[in-house]
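Accompanying notes for the structure given below.
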Amino acid sequence: MHASVSNAVPSAERAAEAARNAKDSRDDRIFGWVLKGCALIVLLALVGAAGSTLWLGSDAFHTFGFGFLTSATWDPSNDQYGALVPIMGTIGTAFIALLFAVPVSFGIALFLTEIAPQWLRGPVSSAIELLAGIPSIIYGMWGLFIFAPFVAEHIKPWLMNNFSADPPDGQVSWLVTHVPAIGKFFASEYPFFGAGVLTAGLVLAVMIIPFISSVMREVFQTVPTRLKESAYALGSSTWEVVWDIVVPYTRTAVIGGVFLGLGRALGETMAVAFVLGNTFKFSLSFLETSSSIASTIANQFGEAQGLQRSALMALAFLLFVVTFIVLLIARLMLRRMAVKEGK
Amino acid sequence: MGAAQATDITGAGSSFVYPVLSKWSAKYAEATGNKLNYQSVGSGAGIAQIKEGTIDFGASDAPMSGEDLAKFGLGQFPSVVGGIVPVVNLQGVQAGQLKLTGAVLADIYLGKIAKWDDPAITALNPGLKIPSNKITVVHRSDGSGTSFNFTNYLSKVSPEWASKVKFGTAVEWPAGVGGKGNEGVSQYVRQIPGSIGYVEYAYAKKNSISFAQMQNAAGKWVQPNADTFGAAAGTADWASAKDFNVIMTNAPGEQAWPITATTWIIMYKKSKNPSHSKVAFDFFKWSLEKGQSDAASLDYVALPTTLVQKIEAYWASDLGNK
């Protein structure tokens, strides 16, 4: 566009314009650098945080080697540490949280974008956003004082009576005698105690529903009305429109939202520390107490010294690794989907 | 001291003393204008910070060893006494009714005694109707001075505990579930029928959970209260200990509550900041001598006068506060 400067223009003006152009492009360059800097800060912070946890945890990794990942011992008085139980607890609680949060969030988002009457959308949407703003310690307290006793009284006895090999009512159900190993997943040493992997997972589900559902709602709104209207015009039901038009159109973003919630569930600390029971015994059961990586660090960091401190740092590094692997899986899933769709 | 200019001193460490330190510092600020800023970050963090010299004093529920003190040029002294009590959730059993010995308590925490109607327990409690519930052990999940003193007591009264589990701010618990903080433990005990836990006395009282009475080292049955906590502090063997390095669990006194604890204040022998140190000494002198009623209102017990004199002598001889 600068080429349009004609010869008729006096040279002084031309010089001024050239100077302005030079200044503009310099400003653009500086602006570009600033933006690059901002992005680099994020990268640096991430690499720095992962690197420093690895560095501070190197003592534990050296001492225990690969056994750190496979050992279920956590014994501060004899300085023996293994990360197996916290890793399992972290993944188990996050898995349960997703299991409940994803379908519910999907329902909420669809209701708000497709079915709810106009006047209801605003209030419900703000309520969900408010839920996202509640500090996690509040969820922890709610879990400890109200939800864990509820689980102990109503949910856990029912699950144990139906699925465990050692039910409180003494009658082993048909399912348990005929499906091998199912009892393993529903065993509990303390049948009258509400805290455990399932309880923590459910509390986490409540915590991540607002995140997932508000992302889903946003992206569902981006589906062009003419696509939906066309489908309706062809005689589709609401369900068919949702499943064949809305979901395929927004799939990538929906999965992005799910992983945002998963990230939060993996790293959640306070709420989990209150309702997980904080034990280091290896178990496959959803009803048993356990520990998560984040809650173990929060519990023990204040008083830890020496090798214990290093082991906690090593745990922190493993949380990075777990999160990274999960994100990697998400990426691969998205890529495979893209390939399938022929993109 | 009446300093013309107010000085702000900083400390960090144990959460066990936080309530009484904050009360003391408010009263002290009123009296002198000097402010105390205390961060309740945990004993380990308190020790780390005083070693690095970023604070004027540290506070720890476990004493530092003589070697460590010498290595970093530090000294330590006890500040205030509190009691740790076993709490139970047993239908029909009121506060202070259930009797437990240290050995039985250790066996419960080892998971060896698994039911409340075990002969070891009923033999101690003739005439008390104890339900036949399964015992659920509750312990602290976070590293804490409360756990340190509790496990220290168990390792003094049970050889098996001493060899298997040992003691520390966090240990590998042989049985049970972990609640976060005193709050978490008291909630779990209230929620689980047949559970047993241990909390600071103030928590048991505030939440009206039944506590047990204990048999002390002298063989006497004692209830937890200010008198028995004070008796433990008075009869612990301070005389032969260097740098007050005595953990006063299982104290020998006739009236001594067996699981009594203190928090050590850790300061530099030669402070990098003498004017701050001076104020810190003045603050602790004021709190040891005049802060007793404030401590009592929070269910702590002030140190016995003889011990206070010993501490002040130690300041003069070892910490250069003449």
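Where a number appears in this text, it was derived from the coordinates with a stated rule and is not lab data. Just so it is clear, the structure is predicted and the values come from calculations on it, not from any experiment. Glycine gets a Cβ as well: all are built from the backbone with ideal geometry, and neighbour counts include every protein chain shown.
Quickly rank A:142-155, B:139-152, A:165-178 as a protection proxy: mean count of other C-beta atoms within 10 Å, highest first. Write out the running numbers ahead of the final one.
Values: A:142-155: 18.7, B:139-152: 26.5, A:165-178: 13.0.
Ranking, from highest mean packing down: B:139-152, A:142-155, A:165-178.
Which ³J(HN,Hα) values, rounded to whole Hz and listed in residue order, are derived for region A:105-113 from phi using the Karplus coefficients 6.51, -1.76 and 1.60 in 6.51 cos²θ - 1.76 cosθ + 1.60 with θ = phi - 60°, glycine and proline given as x?
Those phi angles translate into 4, 4, x, 4, 5, 5, 4, 5, 8 Hz.
What is the distance in Å between the Cα centres of region B:254-322 and region A:58-97?
With region B:254-322 and region A:58-97 each reduced to a Cα centre, they are spaced 40 Å.
How much net charge surrounds B:L105 when only other residues with a Cβ under 12 Å from its Cβ are counted (Lys, Arg +1; Asp, Glu -1)?
Working: positive: B:K99, B:K112, B:K156; negative: B:D107.
Around B:L105, the charge tally is +2.
Using amide H atoms built 1.01 Å from N in the peptide plane, name the residues 5+ places from B:K180, or on other chains, whose amide H lies under 5 Å from its own.
Answer set, sorted by chain and number: B:S141, B:V185.
Taking the number of other C-beta atoms within 10 Å as the exposure measure, put B:T263, A:T222 in order starting with the fewest. List each step's numbers first, then the result.
Details: B:T263 28, A:T222 11.
Least to most surrounded, the residues fall as A:T222, B:T263.
Just to verify a number: FRET efficiency for A:R26 and A:V104, C-beta to C-beta distance, R0 = 35 Å, to 0.05?
Working: r = 53 Å, r/R0 = 1.50.
The formula returns an efficiency of 0.10 here.
Rounded to two decimals, what ratio of Rg to Rh does chain B give with C-alpha atoms and a Kirkwood Rh? Each step should come with its number before you reach the end.
Working: Rg = 20.0 Å, Rh = 20.1 Å.
Taking Rg over the Kirkwood Rh, I get 0.99.
Do any trypsin sites (Lys or Arg not before Pro) in region B:277-313 lie in a loop, going by DSSP, with at most 16 other beta-carbon atoms within 10 Å of their beta carbon, and if so which?
Working: sites: B:K278, B:K285, B:K290, B:K310; in loops: none.
Of the trypsin sites (Lys or Arg not before Pro), not one in the loops of region B:277-313 has a Cβ with at most 16 other Cβ atoms within 10 Å.
Just tell me which aspartates and glutamates come within less than 15 Å, Cα to Cα, of B:K270; anything on the same chain fewer than 8 places away is out.
B:E52, B:D56, B:D318
Within 10 Å, count the other beta carbons around each residue, average over each peptide in A:108-119, A:35-46, A:126-137, B:243-254, and list them highest first. Provide the component values of the computation, followed by the final result.
Numbers: A:108-119: 15.5, A:35-46: 10.2, A:126-137: 12.8, B:243-254: 19.9.
Descending packing order for the listed peptides: B:243-254, A:108-119, A:126-137, A:35-46.
Using only the Cα atoms of region B:86-159, construct the convex hull and provide its projected area averaged over every direction, in square nanometres to one decimal.
One quarter of the hull surface, i.e. the mean projection, equals 5.2 nm².
Kindly put B:Y314, B:Y268 in sequence by how many other C-beta atoms sit within 10 Å of each C-beta, fewest to most.
Details: B:Y314 17, B:Y268 22.
Arranged by neighbour count, lowest to highest, B:Y314, B:Y268 become B:Y314, B:Y268.
With θ set to phi - 60° and the Karplus curve 6.51 cos²θ - 1.76 cosθ + 1.60, what are the ³J(HN,Hα) couplings of region B:176-189 in order, to the nearest whole Hz, using x for Gly and Pro?
So the J values, rounded to whole Hz, are x, 10, x, x, 8, x, 4, 4, x, 5, 5, 5, 4, 5.
Kindly work out what percent of the DSSP beta bridges joining two residues of chain B are antiparallel, to the nearest 5. Can you show the working numbers first?
On the way: 22 of 37 bridges.
So the antiparallel bridges amount to about 60 percent of the total.
Please get the size of the charge dipole for region B:1-120, origin at its Cα centre, with Cβ charges of +1 on Lys and Arg and -1 on Asp and Glu, quoted in debye to the nearest 20. All intermediate terms of the calculation are to be shown ahead of the outcome.
Values: 8 positive and 10 negative charges, 41 e Å.
Dipole magnitude for region B:1-120 comes out near 200 debye.
Skipping prolines and chain starts, which residues have an amide H placed within reach, meaning under 5 Å, of the one on B:K35, given they are 5 or more residues away or on another chain?
For B:K35, whose amide H was placed from the backbone, the distant partners under 5 Å are B:T7, B:D8, B:I9.
Pairing the Cα long axis of helix A:118-132 with the longest principal axis of chain A, what angle in degrees results, from 0 to 90 and rounded to the nearest 10?
Here the helix axis deviates by roughly 70 degrees.
Considering the Cα positions of region B:33-155, please state its Rg to one decimal place and its Dmax as a whole number of Å.
Reported Rg and Dmax, both Å: 19.9, 59.
In terms of modelled amide H atoms, which long-range or inter-chain residues lie less than 5 Å from the amide H of B:V199?
B:V85, B:V87
By how many nm would the segment from A:L120 to A:V34 grow when fully extended, if each residue of separation counts as 0.36 nm and the alpha-carbon distance is taken off? Mind dumping the intermediate values first?
Working: separation 86, 0.36 × 86 = 30.96 nm, distance 4.28 nm.
Gain in length upon complete extension: 26.7 nm.
In the structure shown, do any of B:K206/B:K269; B:K27/B:K272; B:K51/B:K206; B:K166/B:K278; A:K281/B:K156; B:K99/B:K285 have a Cα-Cα gap over 32 Å, and if so which?
Numbers: B:K206/B:K269 39 Å; B:K27/B:K272 27 Å; B:K51/B:K206 36 Å; B:K166/B:K278 38 Å; A:K281/B:K156 26 Å; B:K99/B:K285 38 Å.
In this structure, B:K206/B:K269; B:K51/B:K206; B:K166/B:K278; B:K99/B:K285 exceed 32 Å between Cα atoms.
For A:W243 and A:F66 in one chain, what is 0.36 nm times their gap in residues minus the Cα-Cα distance, to one decimal in nm? Could the numbers behind the result be given before it?
Values: separation 177, 0.36 × 177 = 63.72 nm, distance 4.53 nm.
Between A:W243 and A:F66, full extension yields an extra 59.2 nm.
What aspartates and glutamates could a cross-link reach from B:K290, if we take a straight Cα to Cα line under 19 Å and drop same-chain neighbours fewer than 8 places away?
Answer for B:K290, where 19 Å is the Cα cut-off: B:E30, B:D227, B:D282, B:D299, B:E312, listed by chain and number.
Apply 1/(1 + (r/R0)^6) to the Cβ-Cβ distance of B:K112 and B:E183, taking R0 = 25 Å, and write down the FRET efficiency to the nearest 0.05. Could the numbers behind the result be given before it?
On the way: r = 28 Å, r/R0 = 1.14.
The value I calculate is 0.30.
Going toward the positive end of the dipole of region A:103-231, with +1 on Lys and Arg Cβ and -1 on Asp and Glu Cβ, which of A:A231, A:W158, A:I128 do you reach last?
A:A231
Assigning unit charges at the beta carbon (Lys, Arg +1; Asp, Glu -1) and nothing else, what dipole magnitude in debye, to the nearest 20, does region A:187-315 show about its Cα centre? Before the final figure, lay out the partial values.
Numbers: 7 positive and 8 negative charges, 46 e Å.
The calculation lands at about 220 debye.
Ignore the peptide's own chain and count Cβ atoms of other chains within 10 Å of each Cβ in B:137-144; give me the average, rounded.
Details: counts 1, 3, 2, 2, 14, 10, 9, 4.
The mean count of partner-chain Cβ atoms within 10 Å per residue comes to 6.
Filter the chymotrypsin sites (Phe, Trp or Tyr not before Pro) in region A:14-102 down to the DSSP loop ones having no more than 16 other Cβ atoms within 10 Å, then list what survives.
Working: sites: A:F31, A:W33, A:W55, A:F61, A:F64, A:F66, A:F68, A:W74, A:Y81, A:F95, A:F100; in loops: A:F66.
Sites meeting the loop and neighbour criteria: A:F66.
For a bin width of 10 Å, list the pair-distance distribution of region B:177-297 built from all Cα-Cα distances, rounded to whole %.
In whole percents, the pair-distance histogram is 11, 30, 33, 19, 6, 0.
Helix B:145-157 versus the longest principal axis of chain B: what angle, 0 to 90°, nearest 10, using Cα atoms?
Helix B:145-157 and the main axis of chain B meet at about 60 degrees.
Using just the helices of the protein assembly as shown, give the 222 nm mean residue ellipticity in deg cm²/dmol: DSSP H runs with n ≥ 4 each add -39,500 (n - 2.57), and the total is spread over all residues, rounded to 500. Before the final figure, lay out the partial values.
Working: 29 runs with 359 residues, N = 665.
Result for the protein assembly as shown: -17000 deg cm²/dmol, rounded to the nearest 500.
Taking K and R as +1 and D and E as -1, what net charge do the other residues with C-beta under 15 Å from the C-beta of B:A302 add up to?
Values: positive: B:K23, B:K27, B:K285, B:K290, B:K310; negative: B:D227, B:E289, B:D294, B:D299, B:E312.
With Lys, Arg at +1 and Asp, Glu at -1, the neighbours total 0.
Just tell me how shielded B:191-199 is by partners: mean number of partner chain Cβ atoms within 10 Å of each residue's Cβ, no decimals.
Values: counts 10, 7, 3, 2, 3, 0, 0, 0, 0.
Mean shielding by partner chains, rounded to a whole number: 3.
With +1 on the Cβ of every Lys and Arg and -1 on the Cβ of every Asp and Glu, and nothing else charged, how large is the dipole of the protein assembly as shown about its Cα centre, in debye rounded to the nearest 20? Spell out each step's value before the answer.
Values: 49 positive and 47 negative charges, 160 e Å.
Result for the protein assembly as shown is approximately 760 debye, rounded to the nearest 20.
Take the alpha-carbon centre of region B:15-82, take the same for region B:153-212, and report the distance between them in whole Å.
25
At A:I138 and B:E30, where each label point lies 7 Å from the Cα along Cα→Cβ, what is the point-to-point distance in nanometres?
Between A:I138 and B:E30, the label points sit 3.4 nm apart.
Under the definition of partner shielding as Cβ atoms of other protein chains within 10 Å of a residue Cβ, what is the mean value for peptide B:177-190? Numbers along the way, then the final one.
Working: counts 12, 11, 6, 12, 3, 0, 4, 9, 0, 0, 7, 9, 0, 2.
Mean inter-chain Cβ contacts per residue within 10 Å come to 5.
With the alpha-carbon atoms as the only input, what is the per residue convex hull volume for region A:267-324 in Å³? Before the final figure, lay out the partial values.
Values: hull volume 5.2 nm³, N = 58.
Convex hull volume per residue, Cα atoms: 90 Å³.
Give the residue from B:T305, A:A195, A:Q171 lying farthest towards the positive end of the charge dipole for the protein assembly as shown; charges sit on Cβ (+1 for Lys and Arg, -1 for Asp and Glu) and the dipole is referred to the Cα centre.
Result: A:A195.
Counting DSSP beta bridges with both partners in the protein assembly as shown, what percentage is antiparallel, nearest 5? All intermediate terms of the calculation are to be shown ahead of the outcome.
Numbers: 24 of 40 bridges.
In the protein assembly as shown, DSSP labels about 60 percent of beta bridges as antiparallel.
Karplus couplings for region B:242-249 from phi (6.51 cos²θ - 1.76 cosθ + 1.60, θ = phi - 60°), rounded to Hz, Gly and Pro as x?
8, 6, 6, 7, 10, 9, 8, 5
Could you state the angle between the C-alpha long axis of helix B:226-235 and the longest principal axis of the C-alpha atoms of chain B, as a value from 0 to 90 degrees rounded to the nearest 10?
70
If you build a Gaussian network model of chain A, linking Cα atoms that sit under 10 Å apart, which residue out of A:L262, A:L332, A:L56 swings the most?
Looking only at A:L262, A:L332, A:L56, the biggest GNM fluctuation is shown by A:L332.
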